[in-house]
Each structure stands twice: as structure tokens, then as C-alpha cells.
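Report on the structure given below.
We did not get these values from a lab; they are worked out from the coordinates using the rules stated. Just so you know, these numbers come straight off a predicted model, no measurement behind them. Here the Cβ positions follow ideal geometry from the backbone for every residue, glycine too, while neighbour counts run over all protein chains shown.
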Amino acid sequence: MSTTTIESPVITTPSVITWREGDPITNSKAPSGDLSTRWARHKDSLRLVAPHNKRKLEVIVVGAGLGGASAAASLGELGYQVKVFVYHNSPRRAHSIAAQGGINAAKNYRNDGDSIWRLFYDTIKGGDFRARESNVYRLAEVSVKIIDHCVAQGIPFAREYGGLLDTRSFGGAQLMRTFYVRGQTGQQLLLGAYAALQRQVALGNAKVYHNHEVLDIVVEDGRARGIIVRNLITGEIHRVAAHAVVLATGGYGNAYFLSTNAKLSNATATWRAHRRGAYFANPSFVQIHPTCIPQSGEYQSKLTLMSESLRNDGRVWVPRKAGDPRPPHQIPEEERWYYLEEWYPSYGNLVPRDIASRAAKRVCDMGYGVGPTGRAVYLDFSDAIKRLGREVIYQRYGNLFEMYEEITGESPWETPMRIYPAVHYTMGGLWVDYNLMTNIEGLYAIGEANFSDHGANRLGASALMQGLADGYFILPYTIGDYLATQLFVKLSTETAAFEDAERETKARIQRVLSGKGTRTVDEFHRELGKILWDHCGLARNAEGLTQAFQQIRALRERYYKEVLVPGTGQEFNQNLEKALRVADFLELGELMITDAYHREESCGCHLREEYQTPEGEPLRNDEKYAYVAAWEWKGENEPPVLHKEPLTFEFVKPTTRSYK
Amino acid sequence: MRFTLKVWRQKNAQDPGHFETYEVDNISPNASFLEMLDVLNEKLIKAGKEPVAFDHDCREGICGSCGLFINGRAHGPLPNITTCRLYMRHFRDGETITIEPFRAKPYPVIRDLVVDRSALDRIVQAGGYVSVNTGSAPDANSLPIPKPVADKAFDYAACIGCGACVAACKNASAMLFTAAKVAHLSLMPQGQPERRSRVLKMVKQMDLEGFGHCTNTGACAVECPAKVPLSAIATLQREFLRAALLPDPYAE
């Protein structure tokens, strides 16, 4: 795929956002034939590496979230020499730790008719038919083994009184297939993978480099050969070579500045891989969560997610009079606008995530928003408290009410919550084949870092499942197929490719440090976030995207002139770290816009305003857009090249997603 | 709101370090403590000064990255909460706030308020796991575990690894951290095969890292953001004595 590219002329209408179309992707290595045996047959066809040879093979794993830690632990257990690089001070800090809800698995312990097929079907349909059938079926298949393994690690899952595992329903699924550990499922699963990795460290099979940030991927003759990494404590730049490189660096939701992501989450490793030739797939596929605590001021650094279950009993409203200054309890019933109940009488407050998110944005754009910034709506429990009593509401939402009060200083018992949508997860990421390998040989991407199995929309409790599926049960098999070809490769960091990558990395550092401006990195990041949120967020249109593209390009030019980064590169310098990450977000932002612009359809959680029914329902276009958009980097200010991987649906017939 | 901040500044591990005083103004009572420091840093950068280094990430109390010693207490004046979940409305307008790093011999300062807590990782490496390889697990429901046991184990497993227990302790003891893992795994049936060796190895590593001994003041549990109960330490003591004094029933 990375060989010859026949390029069509630059697409010129309209003139601002441009790209070329390259060869389609024809070999995703996804097997064909009977769906249920595809993974088993594929595994049997993979090359193996004998135990005594595994010791001679070195693998770099970047990131230690659910994907990275589980992969590193499993590869260590197999006998490979694993080196793990994390920018955190410990591999236990990755953002997977913040996942609350649970992890899906097709165990059918409930006897409610769950099956691998049903989990596969729900995931394909939830992703609005923009994911590979082969991958999604495999994900559903290995989901059952994940639960077995995590229980064996001693993770204290929620249990029934009989001692067996408890499950709950989640995100609209009709089955109770979500396993959980109180409200801290991500934390417990991550600590399980972290502990497994620590065991491999103790056994000498893995080495963890904490406070080390990967700043470039080294590619030699089309193969990943290593990384350039900065020791964040001393500022030293190191070259590290390996037989294969695995990126498990998470998503890029922080491009929006305000998101539910952890502050340090960034796209640098994946973006640098992209600049070295790896395709970036569906970058505009971003999930926005409807119930988050809104921004309360300019100082705000992140948004906190509140469980979506709140909409089961809360009523969403805004004052009928725009800008009404009265506190909510003084606004009489007839002057409250329950806009969801009015617009969507059949579903009311329980419309799907994307509809609820867009409606909130719409009323706020119309000037009806509440709170100090006018970017929030009320979520009111007073009727539910009257109807069901405090005790019932406490049982259901007590901990969420406490969390809300802790953050905002307001009690949902006394006054309605204020909520607003926020960026939460990115379905897009590095393009990978069925083996989770990017189009660069020997470079793998797992977890949220790849373009994933979630299509254009991820279902709740599926992120943990995918991260662990990739790390525990898929990559350890597929990477062997490649490593078997690398046995006699002698590793060296004294090559031209390493030389160049190190030099370029140092130049990048120098470039941001030499700015003699007056503005801080955060000021630029906020500005970028606002452009993306306004034009490449909940709802998009060609005009807005075109504007956004120009704004980002202008912002990027100003960045290097106006940014001020104190300190040097030879010390612990958090602002330098931030400055490099924002520089990459500025480039990625352009690609997100280009992708959103090129996809002239509304699919998954993305509304292109030009493509909707008069009732505001999204219009998908399977005829033209049933493909993965994999973008190839061609240089700064050069139009990217679009490679289409067609998606065919042999087993599930694409239908229109309906909430009526 | 307006605050006077006395902040510990230390360029690197070799630098002796000192306090600097800063003023911040126009702080919203709804700003978090870390957001207040963000505001200070933006101001310092614009004035051409070095911003204050501090650890943070998730900013919702679960990653365990943040950890400041505020007005003489780990994670500040409120009990059982991380620094990132502390809001400025919990302080008085005009108050002078003293901000230091977590101080303990096994936590060398990296810069300003950032310390190296990798000693805690090494305690886990010594045995804080069940030795099970991927792929070999039996069906998850093949081993029933009473709900109260799983729930209790979770109370211990909830530890976020922030290390505040060490900073809160006058002996800089890592007992609560170590005990949380030992207690969690000694309750779960999966933890039984390595129960004896785990506690011995983890306690040994804790001592090797230079953490102090426990004198049962309970200061750790007051600050622990994950509310790990003090009973974990009693469990650790019991597990340790059992492993150290009683003969190993499986020894040859």
C-alpha cells in the first residue's frame, strides 16, 4: 500500500481545503469466508517464533494504558524483550484509569440471550456501519476471554450474593453484558494490567522507562526500527532501536483543549508516525458526551463527565426567555422550555447521545443557555424527587450528586444541575490492518490509538474491551508473524535514519524554545480548541469547516512567532512538553477538518448539517462513503492523499439508525 | 478571590530549594487548586519567569499523579481528597497558602513540587500481583467469591498510588500503600497461592526503599483519597506475622 501511488489532480472546489485521491486500500489482511472461524483460521496461518528465539527479539511499547500495559505484559510472558516508554511518572497513571462504567463481554451469564453474534451486531450497528466486520466479530469473540483473565488476576469485580459475577445494562443495549467494579472499572482493569507488567519487570522481561516521552518514530526502508525519546527529567534525547514498535498512546480528544481526557493525553506519537508515513484514518470521528459538567470560566482546564444514566430521571430545560437572570427555582413551570420533550415527544429526555448533545448546542446557540457562560442547560431532578422520593433518587444517583456538588459547590437536591456536551473519545486513529499493523511494516497501533473497531460511534463499555482485546489477545499473536521475519536483523542506532530523526527532533525543540513572543502555549491551545469545537464538533458544515481550516492554518503560523516557552531543553520543563504537543495538535487539527469536510454525509455521532432530514435526522450515504478514509501525509502545507478502504457488509445489512 | 502563595521552588534534586512568595488575584471560588496554579503559571510565563512545576493529569481524582503538601497537609485541608479535587472556595479570601512537595526520603524532588515516587512501583514489582499468564485462565464464574469478600477486597484495591499516605506520616511509612495491595490480594482466592511470599517480599522492598515504620497514628488514612481503611495495616501485620513465624504448610 505504501508503494506506488497514482495521484489524481488536486481537488479544487472549493479552493481552501484540498486533497488528492490515491490508490484504494485493497489488502486489509482481513480473512474471508465463514465469519465465526475467521480469527481462528487466521491465527493458524500466522508464523511462530520459537521460545529461544523470542529472547533475541526486542519490542518497544509506547504507552501503558489498558492496551499498552496488557500488550507489554503479554509479550514479556511470551519471552520477548520489552521496553515500555511512558511520559507519566509511573505506568499506572494512564488515562484508561478514569473509565468508570464497565466492560462489555458476550458471556451470557444472565441467560438473556447474549452471544458473540449479538455483541458483534450491536457494535457494527452502533458504529453506524463504518467498521470492518472481521475486526468487530473478533473483538466480540475475545471479549469473553478478557473477563476470565481479569478475574484470574484477582480483580475484585462486582458480584451477586451467590458469589458469581454481576452485570448491568449499559448505553441502550437490550442485554445486561457489562461487567463492572463499582464505579472504577477502568482503574481496576488497568491496575491488573499494570501489576502483570510489573511482574514482567521483576522477571527481567520488561523494562519501564517512566518520564520518557516519545518524540519521533524511526523508519528505515519502510520498516519501523525504533524511536527518539526525551528523558523528561534531564532533557536528554535518546535513540532506541527495536525489531518492532507498538504505539498504545490513546486518543487525541485533547486537540479540543477542553475534553474529558486527562490533561497530558496527546497525539504526538501517532502524529509523528503519520508524518513518517503511517496513514491516519477517520480523524474527524470524535465522540461527544452529552452530560458533562460545563465550563464555568476561562481558567477551566478540563471537563468532568457525569454518567449518562442521569437522563433516566432528570428533565432537561432552559428558560423560555433567553438570558433570563432569575435563579432556576424562581422560574415558574410555564416559563420553562423542556425542549427535548417538545422536539422529540416519543423519546423526550432519553434521545440518543448525539441528538441530546446537538439539541443542547442548538438552544445555547439560540441564546437560551444558562450559567455564567451561557453554555449549559438544566438537568432537573425536582419532579423525580417528588415522584419517587429522596431515598430512591439517592440510591440511583447519590454518588453522582455528591461528585457534582464537590465540583460546582451546588447541590442537585436544591437546584438543577447544569450540563453541557464535551469531547470524550476519538474513534479515528492510525490505520491498521487486521493484524493491528499500520501501513509501515513493524509499526503497530492498539487501543484508542488505532482507528479501531468502533466505526463512527463507540458504544458505552466498549473502549475497555477493545484496549484489552488488542493487548492481551490479538497483538501477542499477530506481532509474532512479523517478528519471525526479523530474527537475524542486527539492531543499530548508528544509522542515517536515526541520525536524521534525532536532528529533526532537536530542531523541533529549538524551534518552540526560540520563539520570542508574548503568548503562552495554553492560549494557543485554547484558541485551537475553540475553532475545532465550533466547527468540527457536534455539527459541521462546509462553510464552517472552510473557515476553521483557514483559522487553524493562520494560528499555526502565528504559533512559532508568538509563543513564549520559558526554560531550556536540558531540564525538566513541562511547558516545553506542552509546546511540542500543541504544535502537533495544530497539524492534526487541519487533517481533522479536511476529513470532516470531505465526508459529505452524516454518520455515527457526526452531523453534517447539509445532510439531514427536515426533522434533523442524520442522512448517511452508503453509496459514496462506506469506506475508511485513510490519509497519507505529504508535507506541511501540502494537500494530503486520501486512500479509501472500502467496507463491505456481508453479514449485517446496513440499516438506518432510528430512535423513533 | 485573592491569595498569597508561599511556593517551594527547587531547580533539581541537587538544588537546596527555597520558598518564593507570589500573589494571585481574581481567582474564581469554583476554580480547582490546580487551576489556580495554572493561573499563577500563566502570569509567571508572561512576566518572563519560570512557571512552577507540579504533577497532574486526570484532574478528577483517580490517576494519582497530583500530590501537593498544602498548609502542612497532604492534598490540603480537606480529608480523603486529591489535590485536583480541592476547590478554592475551601480557602478564605486573602489567605496565605503554603505549598510544598510531598516530603519523604524515598521521594527525591525532581523539580519544585514534583517528586519521584517510583519507589512505590518497585514495591509492587516485589510481589503485588497474581502470577497468572495471559491465556491460561479458567472460566470467570468457575470460582464463586462471596460478595462481601469481593466488596471488601475492592475497598483495599481502590488505592490510587498517589503516595499521600507517606507524606502524611511522620515516619514516612508506606504501610498503607503496601497494606492495601496485600490486604486486597490476601482476601481474594486468586491471591492465595502466593500469599506468604507476597507479604514478605513487599515488606522487604518497602524497607529497602527507605520508608519508615508504622507507629499506628492513622494520619495516612485521614488523607487517603481512596479512603483505604486503616484495617489494611492490621491485615498486613497479621499476614506478615503469619508468614514470618508460622511454618509454611507446603514446605518440603
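First obtain the Kirkwood hydrodynamic radius of segment A:378-527 from its Cα pairs, then insert it into the Stokes-Einstein equation at 37 °C and 0.692 mPa s, and state the resulting D in µm² per second as a whole number.
Estimated via Stokes-Einstein, D reaches 155 µm²/s.
In nm, to one decimal, how far is the modelled label at A:N399 from the one at A:R553, with both set 7 Å along Cα→Cβ?
Modelled inter-label distance: 4.9 nm.
Determine the dipole magnitude for chain A: charges of +1 sit on the beta-carbon of Lys and Arg, -1 on that of Asp and Glu, nothing else is charged, the reference point is the Cα centre, and the result goes in debye to the nearest 20.
1120
Kirkwood hydrodynamic radius for segment A:25-104: how many Å is it when counted over pairs of different Cα atoms?
Kirkwood radius, segment A:25-104: 15.5 Å.
Of the trypsin sites (Lys or Arg not before Pro) in segment A:465-552, which ones lie in a loop per DSSP and count no more than 13 other C-beta atoms within 10 Å?
The qualifying sites are A:K490, A:K516.
What number comes out for the charge environment of B:K49, summing +1 per Lys or Arg and -1 per Asp or Glu over other residues with Cβ under 14 Å away?
Charge balance near B:K49 sits at -1.
From the mean inverse distance of alpha carbon pairs (Kirkwood) and the Cα radius of gyration, derive Rg over Rh for segment B:3-114.
0.93
Can you work out the PRE-style zone for A:R362? Point 7 Å along Cα to Cβ, and I want the residues of segment A:535-579 with backbone N under 17 Å.
Flagged as within label range: A:537-541.
Rg and Dmax in Å for segment A:213-282, alpha carbons only: what are they?
Reported Rg and Dmax, both Å: 13.2, 39.
In whole Hz, what ³J(HN,Hα) sequence does segment A:253-270 give by Karplus (6.51, -1.76, 1.60; θ = phi - 60°), x for Gly and Pro?
Per residue, the Karplus-derived 3J(HN,Hα) values read x, 6, 4, 7, 6, 8, 7, 7, 5, 5, 4, 8, 3, 8, 10, 4, 5, 5 Hz.
Along its three principal axes, how long is chain B when you only count alpha carbons? Whole Å, largest extent first please.
69, 38, 36
Quick one: which residues, 5+ away or cross-chain, put their amide H under 5 Å from the amide H of A:E21? H built at 1.01 Å from N.
Distant-sequence amide H within range of A:E21: A:S8, A:L642.
Take the Cα radius of gyration of segment B:36-179 and divide it by 2.2 N^0.38 Å, with N its residue count; two decimals is plenty.
The value comes to 1.30.
Against the empirical 2.2 N^0.38 Å scaling, what ratio does the C-alpha Rg of segment B:117-245 come to?
1.04
Could you tell me the calculated FRET efficiency between B:K49 and B:E194, based on Cβ-Cβ distance and R0 = 45 angstrom, to the nearest 0.05?
Computed FRET efficiency for B:K49 and B:E194 comes out at 0.30.
In degrees from 0 to 90, rounded to the nearest 10, what is the angle of the helix A:185-203 Cα long axis to the longest principal axis of chain A?
Approximately 20 degrees, to the nearest ten.
Output the direction-averaged projected area (hull surface divided by four) of the convex hull of the alpha-carbon atoms of segment A:496-634, in nm².
10.6
Taking a ≥ b ≥ c as the square roots of the Cα gyration tensor eigenvalues, with a/c under 1.5 meaning rounded and otherwise prolate when a/b beats b/c, else oblate, which class fits segment A:516-587?
Prolate, because a/c is 1.5 or more and a/b exceeds b/c.
Counting Lys and Arg as +1 and Asp and Glu as -1, what is the net charge of the other residues whose Cβ lies under 13 Å from the Cβ of A:L591?
Around A:L591, the surrounding residues sum to -2.
Tally the DSSP beta bridges in the protein assembly as shown and give the antiparallel ones as a percent, rounded to 5.
Antiparallel bridges: around 70 percent, rounded to the nearest 5.
Mind checking the alpha-carbon convex hull of segment A:109-228 and giving the volume per residue in Å³?
180
So what's the angle, to the nearest 10 degrees on a 0 to 90 scale, between helix A:390-408 and the longest Cα principal axis of chain A?
60
Treating only the Cα positions of segment A:352-401 as identical point scatterers, give the base-10 log of I(q)/I(0) from the Debye formula at each q in 0.31 Å⁻¹.
-1.00
Looking at the square roots a ≥ b ≥ c of the eigenvalues of the Cα gyration tensor of segment A:289-424, which shape do they give, rounded for a/c under 1.5, prolate if a/b is larger than b/c, or oblate?
rounded
Evaluate E = 1/(1 + (r/R0)^6) for A:A496 and A:R47, where r is the Cβ-Cβ distance and R0 equals 35 Å; express this FRET efficiency to the nearest 0.05.
0.75
So what are the ³J(HN,Hα) numbers for segment A:333-344, from phi and the Karplus equation (6.51, -1.76, 1.60; θ = phi - 60°), rounded to whole Hz, Gly and Pro as x?
3, 6, 9, 9, 9, 7, 5, 5, 5, 6, 6, 10
Please report the relative contact order for segment B:135-242, taking Cα pairs under 8 Å with a sequence separation of at least 6, and give it as a percent rounded to a whole number.
36 percent.
How tilted is helix A:542-562 with respect to the longest principal axis of chain A? Cα atoms for both, answer in degrees (0 to 90, nearest 10).
60
Give the long-range amide H neighbours of A:R336: residues separated by 5 or more places, or on another chain, with amide H under 5 Å away, using H modelled in the peptide plane at 1.01 Å from N.
Here A:R320 satisfy the definition.
Order of A:D584, A:D23 from fewest to most other C-beta atoms within 10 Å?
A:D23, A:D584
Please work out the Cα convex hull volume for chain A and give it in Å³ per residue.
158
Would you kindly compute the Cα radius of gyration of segment A:398-457 and its largest Cα-Cα separation (Dmax), both in Å?
In order Rg, Dmax, the Cα atoms of segment A:398-457 give 19.6, 59 Å.
Per DSSP H run of n ≥ 4, the term is -39500 (n - 2.57); total these for chain A, divide by its residue number, and report the mean residue ellipticity at 222 nm rounded to 500 deg cm²/dmol.
Helix contribution divided over all residues of chain A: -10500 deg cm²/dmol.
Where does each of A:T37, A:T291, B:T82 land when they are ranked from fewest to most other beta-carbon atoms within 10 angstrom?
Least to most surrounded, the residues fall as A:T37, A:T291, B:T82.
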